[in-house]
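Input: a single structure, listed below in structure tokens.
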Amino acid sequence: MADRKSTNYQAAAWAFLGPGAAVVVLVLYLPVLYTVYLSFTSYTGLGSASFVGLANYASMFTDPVFTTALLNTLIWVGGSLLIPVGIGLLVAYLSFGLKGAAWLRVPFLIPYALSGVAVGILFNFVLQNGGALSQALAFLHLPGSDIRWLQVAPLNTVVMILAASWQGIGVNALLFTVGLQSIPKEPLEAARVDGASGWRMFRYMIWPLLRPSTTIVVGLSIVNSLKTFDIVQAMTQGGPNRVSETLGVTMYRDTFSNSQYGLGSAVAIFLSVITVAASVIYLRRQLAIGDSSGDGAARDGAGAGRASRRTRGGDGGASGGSAGRSASGPSDASPRETVGAASGAGRSDRSGVARSERRAV
């Protein structure tokens, strides 16, 4: 009877799980497998694909455009970690605990509601040749009105990173604020009593306690910067002469503009591999650091506990000895003092015996 109920329960579970699993397989796993297959073929979208082995990967690694796209992607990763993460942390830390801090963070959160394409179009209007920024600088007779912000490499990559940072600062500040709210107050109050403040408080207390939030923010920034596509496509389309392409733009251009589905699939597989590898390496490193810091904290706590017990034992022995000396001291002591000293000695002896019994157990 019990086996029949278990079988019915498993059948019902698979019945509910089956449609969702089928959708995941059809939408996620099969396209990935088909992309892997296409990366070993020569296919233009018409006719049948012909197997070419590793020719697409060899062509990809020997293409100077791919090298430029890879370097630009690494620049995006570095810029996304420095600017939006750093400024987001600064905004969260400076506004934390202030009255009306939620309203102070609203202007930083509004750009995150926009899509990457909308941000790209907005900054393209500002930074294009003869755009809003050039006209404003010329009107104010300031230098820089003739700079081609989107036409010169690597300046165009830098200004696009700034545009993406303008969009991403708010969400990073929000995540860091959640992390700050989760920090217990007792360690911070103890640090303030010990004289910590300002940079020392942040460096040695707040920053280590923000490790979980930092892991999330940095991990998301790495993955999103490796997949950068929309802002670059909206602002420069990878130009001029493909000098501002990222791996995402290269994949799109090779696949849909040049109809080289095999080469585009090879770039897609390479991008997926480095994204997964970077995520796994970063998360493993953070988990290893967390485990080592947790073990160190446990050892420190155990050492502090042993030291505290030794201190309490020494204090009890000293008080017992002093009480004994008082009880056997000169006969001119008052009766009240003698009785008090004797009772204190008795309490100390009993507490010492109790501690000895606990240690023996």
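Observations on the model:
- Estimated distance in nm for a label pair at Tyr204 and Tyr112, the labels positioned 7 Å out from Cα along Cα-to-Cβ: 3.2
- Estimated at 0.36 nm per residue, the fully extended path between Leu46 and Arg211 surpasses their Cα-Cα distance by 54.3 nm.
- The stretch 45-84 - percent of accessible surface contributed by carbon and sulfur, probe 1.4 Å: 75
- Accessible area per residue for the stretch 91-172, computed on protein heavy atoms with a 1.4 Å probe, is 59 Å².
- Computed with a 1.4 Å probe over protein heavy atoms only, the accessible surface of the stretch 193-252 comes to 49 Å² per residue.
- Added length on full extension, which subtracts the Cα-Cα distance from 0.36 nm per residue, Leu90 to Gln10: 23.7 nm
- Shown here for the stretch 47-155: trypsin sites (Lys or Arg not before Pro) in loop regions (DSSP other than H, G, I, E, B) with at most 11 other Cβ atoms within 10 Å, namely Lys99.
- Full extension of the chain segment joining Val24 with Ala136 gains 35.2 nm, where the gain is 0.36 nm per residue of separation less the Cα-Cα distance.
- Ligands, DNA and RNA aside, Leu17 has an accessible area near 100 Å² when probed at 1.4 Å.
- Under the shape rule built on the C-alpha gyration tensor, where the axes satisfy a ≥ b ≥ c, the stretch 1-156 is oblate, since a/c reaches at least 1.5 while a/b does not exceed b/c.
- Our coupling estimate for the stretch 180-185, obtained by passing each phi through the Karplus curve with A = 6.51, B = -1.76, C = 1.60 and θ = phi - 60°, is 5, 5, 7, 6, x, 7 Hz, Gly and Pro reported as x.
- Taking the stretch 14-122 and dividing mean pair separation by its residue count, relative contact order in percent (alpha carbons under 8 Å, at least six apart): 10
The values are calculated or read from the model by the stated rules, or taken from the named source; none is laboratory data. Just so it is clear, the structure is predicted and the values come from calculations on it, not from any experiment. With ideal geometry, Cβ positions are generated from the backbone for all residues, glycine too; neighbour counts draw on all protein chains shown. These accessible areas exclude ligands, DNA and RNA; they are computed on the full protein's heavy atoms, side chains included. Shrake-Rupley method; radii C 1.70, N 1.55, O 1.52, S 1.80 Å.
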